[in-house]
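Chemist: Starting off with a structure, shown below.
The values are calculated or read from the model by the stated rules, or taken from the named source; none is laboratory data. Since the structure is predicted, the reported quantities are computational estimates derived from the model, not experimental observations. All Cβ positions, even for glycine, are placed from backbone atoms using ideal geometry, and neighbour counts span all protein chains on display. Heavy atoms of the whole protein, side chains included, go into the accessibility calculation; ligands, DNA and RNA do not. Shrake-Rupley method; radii C 1.70, N 1.55, O 1.52, S 1.80 Å.
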Amino acid sequence: MEVAGLTKEKIFGIVIHTIAWGLLFCSPFLFAYGDNASVSLERYVGFVIMPLTFMTVFYVNYGILTPRLLFRKRLGRFILANLLLIATVLLIQHIWHEMCRFYIETEPPRENRGDPPPVYFFIAWNAMLMALTVGLAVAIRMTGNWYRIEAEKQQIEKERTQAELKNLKSQLNPHFLFNTLNNIYALIPIDRTKAQFAVHSLSHMLRYVLYENNQNYIPLEKEIQFVRNYVELMELRLPDRVETTVDLPEQADGYTIAPLLFITLVENAFKHGVSPSQPSFVHISIRMVKEGTLVCTIENSDFPKTDADRNGSGIGLQNLRKRLNLLYPNRHILRTENLNGSFVAQLIIDL
């Protein structure tokens, strides 16, 4: 929220400063008791120089000396400037009190008050209070500066993360399209009717990729439906000796997820798990094991590609790991391993 160029934090700071200085200026009235229950104008005029000099020391340090000298590591100049500042305001205090004593103060001296402390006692006391005021101004300014720098760092990190995610998505979309078009190309000489159906299905899937992929998170139901459509598209060109099982939840209980997280694992299963001449299998399971925890397990027969047949250079799995680290830091587990001639990939996400 901003009002006339002021952020909520700045407005809050102005209110806090106003209340603090208002309490200091009103302290003679707030703490008056006994014989001093009434505060005369003459006495208040003599008092008001104190908060005014404290304000001067505070804001000169807060607005000028700390950012221009201390933050630039000019400690010697900062100390010298404060010594001159404190000496100046103490001199002004002394002159003001002397003027009030001779020209304004009209109260007769009271008996039995004793001898007042020497002047140097008040000077030393006020100098100590001024030094504490300098420390307070520096502490508040440094704290505000630290919060500002941290906020800028978080904003820069957020923008960097979004830029990196956008770059990863731009790599993922052509990768997905390339693999799918290859499958349709291989299907055309086998069954033209199925190839036409595949093109129609691909158009629906591309609509999902182009529009839903622009969002950071989408309903989990849409992502599961996308996986289901992709598997149906892949099954069109599979021979009978390839066994496929798909276990996907019908409902997702309102959870959201980053788009296109599962497609890399599913693509790899069909790419490396299907042999043109040997019995093969692809088993896909996505389920909620407990509240907010999603487990995707994909197991396939292992027929690794040769170097001559390899395409994509593993970019899909690399991008998936990067996206998971950016979107679900410390909230995901991605495991891949070979078990007795089969390949198993498991992705666990805390939604």
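Chemist: So, by mean Cβ neighbours within 10 angstrom, what's the order for 273-281, 147-155 with the highest one leading? Could you put the intermediate results ahead of the total?
Modeler: Values: 273-281: 14.7, 147-155: 10.3.
Top to bottom by mean Cβ count within 10 Å: 273-281, 147-155.
Chemist: In nanometres, what is the gap between the two model label sites at residue 87 and residue 139, each 7 Å from Cα along Cα-to-Cβ?
Modeler: Distance between label points: 2.7 nm.
Chemist: Measuring from label point to label point, each 7 Å out along Cα→Cβ, what is the residue 147 to residue 295 span in nm?
Modeler: Each label point lies 7 Å from its Cα, and together they span 4.5 nm.
Chemist: Right, here's the next one. For 348, 286, give the ranking by accessible area with the largest first, probe 1.4 Å.
Modeler: In descending accessible area the options line up as 348, 286.
Chemist: Amide H of residue 74: which non-local residues (sequence gap of 5 or more, or other chain) have their own amide H closer than 5 Å, using H built in the peptide plane?
Modeler: none
Chemist: Past the 32 Å Cα-Cα mark, which pairs from 153/271; 222/271; 8/222; 10/322?
Modeler: Check vs 32 Å cut-off fails for 153/271; 8/222; 10/322.
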